[in-house]
Amino acid sequence: MLSSFGHCVPLGAGKMQDAGAKAKAVTLQTDFTDAQDTLAFSSPQSFETALVTLGQWKQTGPQTLRIEDGAAALNVQIDTGGLAFTVVPTEINEGVHTKKLPVRLAITLESPVEQATVAMKITPAE
């Protein structure tokens, strides 16, 4: 996949990750870890983060997803600290060499924020 859209990286202020020296964001704070993504802007901005999967997925509750691939399955618990969000699926057809197209599951906050933390807990499904 050729751009940051096809990877599990945050999309802050509606901007994809740039390469090289121009990859500076106008933010007050960023902290992207395996556990959660946290950022702060100087004014309200849009924000989303994402998962990318080749499996079948469904939203099983207001804050939960299930992703299945054959007999294997995962549960995803999404915690936005109470901020409303939408899951936006998009097939990725950009430099992909797989039989099935991957799907980007964007976790998109519904309102612009000055500060946000998004955590996703991924566990094996029973």
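A few comments on the model shown:
- The C-beta contact set for the stretch 71-97 (first residue of a type in the set (Asp, Glu), second residue assigned to a loop (DSSP other than H, G, I, E, B), distance under 9 angstrom, 6+ apart or interchain) comprises Asp79/Gln63; Glu91/Leu101; Glu91/Pro102; Glu94/Met1; Glu94/Leu2; Glu94/Ser3.
- Strands (runs of 3 or more DSSP E) wholly inside the stretch 26-117 containing at least 2 residues that are surrounded by 15 or more Cβ atoms within 10 Å (Cβ to Cβ): 36-45, 47-53, 56-61, 64-69, 72-79, 85-91, 103-109
- Tally, over the stretch 88-101, of residues that are over 17 Å from Glu48 (Cβ atoms) and in contact with a strand residue (DSSP E or B) (Cβ under 9 Å, 6 or more places away or on another chain): 1
No lab work stands behind these numbers, since they all come straight from the coordinates. From a predicted model like this one, the values you see are computed outputs, not experimental measurements. Heads up, the Cβs are rebuilt from the backbone with ideal geometry, glycines too, and the neighbour counts pull from every protein chain shown.
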